[in-house]
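**Q** Attaching a single structure in structure tokens format; questions to follow.
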Amino acid sequence: MEMEKTGAGVAVLSAKEAFEKLEKVGEGTYGKVYRAREKATGKIVALKKTRLHEDQEGVPPTTLREVSILRMLSRDPHVVRLMDVKQGQNKEGKTVLYLVFEYMDTDLKKFIRSFRQTGQSIPPQTIKSLMYQLCKGIAFCHGHGILHRDLKPHNLLMDRKTMMLKIADLGLARAFTVPIKKYTHEILTLWYRAPEVLLGATHYSMAVDIWSVGCIFAELVTKQALFAGDSELQQLLHIFRLLGTPNEEVWPGVSKLKDWHEYPQWNPKSLSTAVPGLDELGLDLLSQMLEYEPSKRISAKKAMEHAYFNDLDKGHL
Amino acid sequence: MDFDLENPLGNFHDLPCDAVPSLFLIESDHIPPPNYCQSFKASDFDISVRRDVVSLISQLSCTFDPVLPYLAINYLDRFLAHQGILQPKPWANKLLAISCFSLAAKMLKTEYSATDVQVLMNHGDGGAIFEAQTIQRMEGIVLGALQWRMRSITPFSFIPFFVNLFRLKDPALRQVLKDGASEIILKSQREIKVLEFKPSTVAASALLYASHELFPFQYPCFLRAISDCSYINKETVVQCYNVIHDITREEYESVLNINSTSDTPVNVLDEHFLSLESEKTNGTNVVTQEQDFKRRKTTDYGNNRTVPFSHFHQC
């Protein structure tokens, strides 16, 4: 009653009434993901439902901050769009938050796997287009001072028909990633993790995302993960075997990092040995993405300007 | 995901102007629409009630970072633009003030005591204590009206970017300039007319105003740097600069006014009070004059962010 006096009496269609759940497509720590149809428009959406862990404080600050960021980033065509946020109540009277995202029918992980199964290579121009879109989306996030920190093929959504790529799992949306236990053969987040993170750096920079982009780039070419470690130590050793064990000369400050130890000494190998089939310009871009020293790693914006993309038709991207 | 909420451009100190078009493109999502100011100008009542709610928010925020009340008042204006006019009921405006304050505190990761908030809100009368659930529902209403775009792009977001254009080498001088501009931005927000301008325009104008006061000999260089920025409309900056100049001048003059002990700018209440001076001989007017003076004093009190917390108990 009191709320009506502040103009709050307007009726808002509840999430349950507005959408028809078609199927559950995922489940995570905080809630469930459904493919759903918006009744008013017939549009297919991804509905992510999460219970707010309220106490006396109402909407938790973390939720508030992260939804706000998703709303801000949704403007870019290469970030998955958060179309709406609806608050509702479940059967027990608890507050539930529905995040309404545009629906994408596949992700880069499935896309790569489909080529691996058929034994075909992903066409070079397709790789170039996907990589350009990825750099563009990341440049947009970084332009807003936002790091992703968990880039991997699984959270790069794709539309198979248009070959559009969109970054997902930013913030709260990340909570819906399928739990690791369902992929016992793979530790998702380690493979794309930057060496400074593995070595215990606490101050992240945008360069951690660029490292992940580089790993994804190589994987698009070879259809296999570039550095497939099954522990943090193994992950580091995989990296060092290819790029050489870092020292103070190539990476000033590396030996001061918290988790630095003595490691076997490898000399760097040519990237072309690990990523056969990538042309010279592509190898140059990849090498700049996989620079050891974070401050020397190429930025997403500079990557978009690299000559590797010169012959790409960017008009529709 | 990691970010500095107040300083999203903080990582770009050494990058050129064209590296950060993003915030300029979307800042309009985070201010009231252009007709908001017009709707206020049509009603003196709405202006005074907005000022009262702004005052309430300032009281709540007086011990916190000044960015907090700025953000809360931004939410207030965007909410009013969406939901329509303020309610005449004091309790409803208090609830709105508390909700905007609470949401801003959450966005800024600021801890506060709900009990202190309630005490502050009831210092003036025996009003109702708001239950936590009531505040939560009001927060939900504000969130819906603002479409959860709570990470407002404020003028503070642009200050590091523009200061970088000025190419001041000395970090201490840069900080002095930033602080001066920030103070101007905070003061300006109290007045409706600044809301007509985009945050980037307000930031540029405030910096130019501060640089004119602090570094007059370098002012022409700063002006040229702002003018050369392709994301800024120079004419609009000039208009905004003039508005800021008027607001700051009004505040300066009010300090000199021997009838006023406040540092607030001249407003409709002050004008009314001054007009009554000329009719002092009328007994009825003397009574009215006294009432207005007391009311203004209460308002002034809320606007003085330096008043220690303990003073509120004396009201």
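The values are calculated or read from the model by the stated rules, or taken from the named source; none is laboratory data. Not measured: the values here are computed from a predicted model. Note that each Cβ is placed from the backbone with ideal geometry, even for glycine, and that neighbours are counted across all protein chains shown. Please note that ligands, DNA and RNA were not included when accessible areas were found on the heavy atoms of the full protein model with its side chains. Shrake-Rupley method; radii C 1.70, N 1.55, O 1.52, S 1.80 Å.
**Q** How many residues are in contact with a Ser or Thr (Cβ under 8 Å, 6 or more places away or on another chain), facing chain A (nearest Cβ under 9 Å) and modelled with pLDDT of 85 or more when one looks only at region B:141-162?
**A** Residues flagged as in contact with a Ser or Thr (Cβ under 8 Å, 6 or more places away or on another chain), facing chain A (nearest Cβ under 9 Å) and modelled with pLDDT of 85 or more within region B:141-162 amount to 4.
**Q** Please go through region A:276-301 and pick out each residue that is under 22 Å from A:Ala201 (Cβ atoms), open to solvent by 50 Å² or more (accessible area, probe 1.4 Å) and in a helix (DSSP H, G or I).
**A** A:Gln288, A:Ser295, A:Lys296
**Q** Please state which one of B:Ala210, B:Ala204, B:Ala181 is under 21 Å from B:Phe64 (Cα atoms), at pLDDT 90 or above and assigned to a helix (DSSP H, G or I).
**A** Just one listed residue meets the conditions, B:Ala181.
**Q** Select from region A:73-132 the residues that are acidic (Asp, Glu) and in a strand (DSSP E or B) and write down the one among them that is modelled with the highest pLDDT.
**A** So the residue we want is A:Asp107.
**Q** Under the condition of being open to solvent by 10 Å² or more (accessible area, probe 1.4 Å) and of a type in the set (D, E, K, R), which residue from region B:49-82 is modelled with the highest pLDDT?
**A** Result: B:Arg78.
**Q** Within region B:223-245, count every residue that is within 25 Å of the chain's Cα centre (by Cα) and without any contact (Cβ under 8 Å) to a residue 60 or more places away in the chain.
**A** Matching residues across region B:223-245 total 14.
**Q** Take the residues of region A:117-148 that are open to solvent by 30 Å² or more (accessible area, probe 1.4 Å) and of a type in the set (Ser, Thr, Tyr): which is farthest from the other protein chains (Cβ to nearest Cβ)?
**A** Selected residue: A:Thr118.
**Q** Pairs only if they're at least six apart or on different chains, beta carbon under 9 angstrom, first in region A:302-315 and touching a residue at least 12 places away in the same chain (Cβ under 8 Å), second assigned to a loop (DSSP other than H, G, I, E, B) and of a type in the set (Asp, Glu); list them, first residue then second.
**A** Note: pairs meeting the criteria are A:Tyr308/A:Asp279.
**Q** Additional query: What number goes with the only condition from (1) modelled with pLDDT under 70; (2) part of a helix (DSSP H, G or I) that B:Asp46 does not pass?
**A** In the conditions (1) modelled with pLDDT under 70; (2) part of a helix (DSSP H, G or I), B:Asp46 misses (1) alone.
**Q** Starting from residues that are more than 8 Å from every other protein chain (Cβ to nearest Cβ) and open to solvent by 70 Å² or more (accessible area, probe 1.4 Å), keep the ones in region A:48-66 and report whichever is modelled with the highest pLDDT.
**A** A:Thr62
**Q** Mind listing just one residue for me: the one in region B:50-93 that is more than 13 Å from chain A (Cβ to nearest Cβ) and of a type in the set (Phe, Trp, Tyr) and, of those, nearest to B:Leu143 (Cα to Cα)?
**A** B:Tyr70
**Q** A follow-up question, please. Spot the failing condition for B:Leu207; the list is (1) open to solvent by less than 10 Å² (accessible area, probe 1.4 Å); (2) touching a Ser or Thr at 6+ places or on another chain (Cβ under 9 Å), and only one is missed.
**A** Only one criterion in (1) open to solvent by less than 10 Å² (accessible area, probe 1.4 Å); (2) touching a Ser or Thr at 6+ places or on another chain (Cβ under 9 Å) is unmet by B:Leu207, namely (2).
**Q** Quick one: would you say B:Leu186 is part of a helix (DSSP H, G or I), modelled with pLDDT of 85 or more and open to solvent by 40 Å² or more (accessible area, probe 1.4 Å)?
**A** Here the answer is no, as B:Leu186 does not meet what is asked.
**Q** Also: Report yes if B:Leu96 is buried (at least 20 other Cβ atoms within 10 Å of the Cβ), at pLDDT 75 or above, assigned to a helix (DSSP H, G or I) and within 8 Å of chain A (Cβ to nearest Cβ), otherwise no.
**A** Considered against the rule, which asks whether it is buried (at least 20 other Cβ atoms within 10 Å of the Cβ), at pLDDT 75 or above, assigned to a helix (DSSP H, G or I) and within 8 Å of chain A (Cβ to nearest Cβ), B:Leu96 comes out as yes.
**Q** Could you list, ordered by first residue, the pairs with Cβ atoms under 9 Å in which the first is in region B:50-77 and charged (D, E, K, R) and the second is modelled with pLDDT of 85 or more and surrounded by 24 or more Cβ atoms within 10 Å (Cβ to Cβ), at least 6 apart or interchain?
**A** B:Arg50/B:Leu76; B:Asp52/B:Ala97
**Q** Kindly check whether there is at least one residue in region B:157-173 that is crowded, with 19+ Cβ neighbours inside 10 Å and within 17 Å of B:Leu96 (Cβ to Cβ).
**A** No, because not a single residue in region B:157-173 is crowded, with 19+ Cβ neighbours inside 10 Å and within 17 Å of B:Leu96 (Cβ to Cβ).
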